[in-house]
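Data block below; observations after.
The values are calculated or read from the model by the stated rules, or taken from the named source; none is laboratory data. Computed from a predicted structure; not experimentally measured. Neighbour counts run over all protein chains shown; Cβ positions are idealised from the backbone, glycine included. The area values use the complete protein model at the heavy-atom level, side chains included, leaving out ligands, DNA and RNA. Shrake-Rupley method; radii C 1.70, N 1.55, O 1.52, S 1.80 Å.
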Amino acid sequence: MKNFILPIEKLIAEFSHLPGVGRKTATRYAYHIINSETQSVQDFASAMLDAKRLVKYCSVCGNFTENDICDTCAKGDRRQVCVVAEPKDILALEKVRDYGGTYHVLHGLLSPMEGRTAEDIHIKELLSRISNDNVTEVIMATPPTVEGEATAMYISKLVKPLGVKVTRLAQGVSMGTELEYVDEVTLSKALDERREI
């Protein structure tokens, strides 16, 4: 059986690189692009290029922003820092609207099996913020996975000697669940009932 013509095959290959997109879905996406109006495709391509060009990391917390400092860091109480694995976790927690502090994005978790150590994630930046911003509480909101728990415990051992309270989200969040998929009520309860670690 003959394969797709080269331009379609290249488009399918590019869509296949997206997380969670297999060959069948990538093929559907490719056909959608081919069957779309040229202006629609140009708008789509422009939106991707603009996002790549304009979005950067907040110089304080590591969240996505268009400015040097994100809105949360500009307005939030810097004495309270909620530590998350990825920027998408901040979106999930912000839906709760009960939290008035700031965030810190690690951009990964400790994972010896994948060769990811403390040097590969943003722990040094967190420790710097703790001393510079007079942080009084660090809330560990890493996912309830083996890697998330290991990262929370590692950071806790570094932060506690500095005289800072370290808490963990309550276990209303099931083991192995990504924060972005947890409903707002459960997240709100987990944030309210966090425990010290």
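The table that follows gives values for the structure above.
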{"item": "Rounded if a/c under 1.5, otherwise prolate or oblate - the stretch 1-109, Cα gyration tensor axes", "result": "prolate"}
{"item": "Estimated FRET transfer efficiency when R0 is 35 angstrom, pair SER128-LYS10 (beta carbons, to 0.05)", "result": "0.20"}
{"item": "Crossing angle, helix 23-35 versus the chain [Cα axis fit, 0-90 degrees, rounded to tens]", "result": "60 degrees"}
{"item": "Centre separation in Å (Cα based) which lies between the stretch 108-161 and the stretch 29-43", "result": "43 Å"}
{"item": "Estimated inter-spin distance, LYS160 and LYS75, nm [label 7 Å along Cα→Cβ]", "result": "3.5 nm"}
{"item": "Net lengthening on full extension, ASP120/GLU196 (0.36 nm per residue, minus Cα-Cα)", "result": "24.8 nm"}
{"item": "Probe 1.4 Å, accessible area per residue of the chain, Å²", "result": "61 Å²"}
{"item": "The chain: most fluctuating residue of ILE69, ILE155, ILE33 per GNM, C-alpha cutoff 10 Å", "result": "ILE33"}
{"item": "Rounded FRET efficiency, nearest 0.05, which uses the C-beta distance separating ALA150 from VAL21 and R0 of 22 Å", "result": "0.15"}
{"item": "Angle in degrees between helix 38-54 and the longest Cα principal axis of the chain, rounded to the nearest 10", "result": "30 degrees"}
{"item": "Mean shadow area of the chain over all directions, Cα convex hull, nm²", "result": "14.2 nm²"}
{"item": "For ARG79, net neighbour charge (Lys/Arg +1, Asp/Glu -1) across residues whose Cβ lies under 12 Å away", "result": "0"}
{"item": "Around SER111: net Lys/Arg minus Asp/Glu count, Cβ-Cβ under 11 Å", "result": "-2"}
{"item": "FRET efficiency, HIS107 to ALA45 (Cβ-Cβ, R0 22 Å, nearest 0.05)", "result": "0.25"}
